[in-house]
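Heads up, the thing below is written out as structure tokens.
The values are calculated or read from the model by the stated rules, or taken from the named source; none is laboratory data. This one's a predicted model, so the numbers in the text were calculated from it and none came from an experiment. Positions of Cβ are backbone-derived with ideal geometry, glycine not excepted, and every protein chain shown enters the neighbour counts. Heads up: the accessible areas ignore ligands, DNA and RNA and are worked out on the full protein's heavy atoms, side chains in. Shrake-Rupley method; radii C 1.70, N 1.55, O 1.52, S 1.80 Å.
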Amino acid sequence: MNLFPICEALYMQILDGTFNDARLTKHDILIPITQEAGPHPVYALFLSCFAIDKHHLNRGIARKLLCTYLEIYNSYEQDGCIFDKIITDNITESLLKFSKAMGLKPIRQSDHDSWICTGTYESLKRNLSHK
């Protein structure tokens, strides 16, 4: 599982269904920067490259992995970063089902036959804390 901050322009390309994360590079991933003064950075998060071995399906591992990531991003929030939204690009029905279970809404099919889902970071945290 990968969950990382991305710039608004990349978020919009994913949302439009025109970005295939096979083209993702290290330059597309942002490193959260905390600021003690001035405006706080606002980030979108991209959940991608999600795979679980078939022997471990339906054991809550995906949820546990996502909770671990959120612990990291919560510490960034305490240092002043703001995460406002999350987006997924779901290539399988099981990934789409997981995105929906986490409170993300399907928006459209992409030009590479996947489903794009998005939601707020706060909504994701609420859904994870209630499961």
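Tell me, which residue of region 6-23 that is aliphatic (A, V, I, L, M) and modelled with pLDDT of 90 or more is farthest from Ile91 (Cα to Cα)?
Kept after step one, since they are aliphatic (A, V, I, L, M), are these residues of region 6-23: 6, 9-10, 12, 14-15, 22.
Narrowing the set further to residues that are modelled with pLDDT of 90 or more leaves 6, 9-10, 12, 14-15.
Details: Ile6: 20, Ala9: 22, Leu10: 18, Met12: 18, Ile14: 13, Leu15: 14 Å.
Once the filter is applied, the top-ranked residue is Ala9.
Filtered by the rule that a residue be more than 16 Å from the chain's Cα centre (by Cα), outside any loop (DSSP other than H, G, I, E, B) and at pLDDT below 90, region 24-60 gives Lys54, His55, His56.
Taking Lys85, is it at pLDDT 95 or above, surrounded by fewer than 13 Cβ atoms within 10 Å (Cβ to Cβ) and touching a helix residue (DSSP H, G or I) at 6+ places or on another chain (Cβ under 9 Å)? Full working, then the answer.
Working: at pLDDT 95 or above: yes; surrounded by fewer than 13 Cβ atoms within 10 Å (Cβ to Cβ): no; touching a helix residue (DSSP H, G or I) at 6+ places or on another chain (Cβ under 9 Å): yes.
Here the answer is no, as Lys85 does not meet what is asked.
Of all the numbered requirements in (1) open to solvent by 70 Å² or more (accessible area, probe 1.4 Å); (2) not in a loop (DSSP other than H, G, I, E, B), Glu77 misses one, and that requirement is (1). If you check Ser129, Ser110 for being over 14 Å from the mean Cα position of the chain (by Cα), of a type in the set (Gly, Ala, Ser) and at pLDDT below 90, only one passes: Ser129.
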